[in-house]
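*Asks:* One structure, pasted below without further comment.
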Amino acid sequence: MSDSLESFEELRPGLFRLAYRMLGTCADADDVMQDAYLRWSKVDPAEVRSSQAFLNSVVTRLCIDRRREIESRKETYVGPWLPEPIVETDWSSGTDRVDVAESVSMALMHVLETLTPVERAAYLLRRVFEYDYAEISDILGKSPSNCRQLVSRAESHVDSERPRFDSTPDEVERISEQFLQTCATGDLEGLVRLLADDVIIYSDGGGKAVAALRPLVGVDSASRFLIGIFKKRGPHVDVTRVRVNGQPGFAAFDAGKLVTLWTMHLTDTRIRRCFLFRNPDKLARARITLGCE
């Protein structure tokens, strides 16, 4: 392995984390990583003061350009558009996972979609990756004061939906288990007690799978929709607990084929947001992780 490739591979995990948080899809993040390596391969590392700083700048700028392409795709997308989920089979909780879970939770990833590409980059670099404003200025090519304004504007959007981990890990696990039980048994009253008054369900089918074409707002609509999903499931559907973007979630398999993923965001021990993924394109990587290609 050449020194150039070796240094890139050492930094790849961190660069990919940045790209995924910027873009919301692993496929787009992979493309950016490939473009970043091609640019890196043409650079003499001896002339670069910091490989990490250089590559962070390259990846961020490539992501800003790619975000504009994604926004164009979203304009013709059928139904709500959700970021691509990242699935883990280990759903056990742990305090060492909280910071990672917060920075990649679907609730945060979803609200990041309301930001402009540059605002998103500034926010992530500052609040998730803890860059100082001088470094962000170098990466974005803007003054430090301008970068502060970008972060401030971004935070004003994020704060209303910022994932808060008020519930303990044990409470989150208990509530997610109760959620599954109430849905599976058709316990409408029990499910209503678990939902926040302002609950919203986002269901992403992309026109390729049956899904709600608009967000479902409020306890009545959300609870009846969720109960209905379980009532309509076929005899060969099995549900398994997984972790989706660092949060408790579930995977539904129909005759061994992954058909749905979902995860929740809790506030004050009640479910405030629920995210369902049914678009088979966005389930492709999860199928590999779960061994059901």
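The values are calculated or read from the model by the stated rules, or taken from the named source; none is laboratory data. If you're wondering where the values come from, they're calculated on a predicted model, not measured in any experiment. Don't worry about glycine lacking a Cβ; one is built from the backbone with ideal geometry, like all the others, and counts go over all protein chains shown.
*Asks:* Among the listed residues Asp28, Asp90, which satisfies the condition of being under 30 Å from Val239 (Cα atoms) and at pLDDT below 95?
*Replies:* Asp90
*Asks:* Can you tell me which residue among Ser160, Ser167, Ser156, Ser176 is under 26 Å from Leu258 (Cα atoms), at pLDDT below 95 and either touching a helix residue (DSSP H, G or I) at 6+ places or on another chain (Cβ under 9 Å) or not hydrophobic (A, V, I, L, M, F, W, C) (or both)?
*Replies:* Ser176
*Asks:* Shifting gears a bit: Under 7 Å by Cβ, and 6 or more places apart or on different chains, what pairs join a residue from region 18-40 that is hydroxyl-bearing (Ser, Thr, Tyr) with one that is buried (at least 16 other Cβ atoms within 10 Å of the Cβ)?
*Replies:* Pairs that qualify, where the first residue is hydroxyl-bearing (Ser, Thr, Tyr) and the partner is buried (at least 16 other Cβ atoms within 10 Å of the Cβ), are Tyr20/Cys26; Tyr20/Ala29; Thr25/Pro83; Thr25/Glu84; Tyr37/Phe8.
*Asks:* Can we say Val43 is outside any helix (DSSP H, G or I), more than 17 Å from the chain's Cα centre (by Cα) and not polar (S, T, N, Q)?
*Replies:* The answer is yes for Val43.
*Asks:* In region 185-291, which helices (runs of 4 or more DSSP H) lie fully inside it and hold 3 or more residues that are of a type in the set (Phe, Trp, Tyr)?
*Replies:* none
*Asks:* Could you list, in sequence order, the residues of region 119-139 that are modelled with pLDDT of 95 or more and either outside the structural domain of Asn56 (by TED's automatic domain parsing) or under 14 Å from the mean Cα position of the chain (by Cα) (or both)?
*Replies:* Within region 119-139, Arg120, Leu124 meet the criteria.
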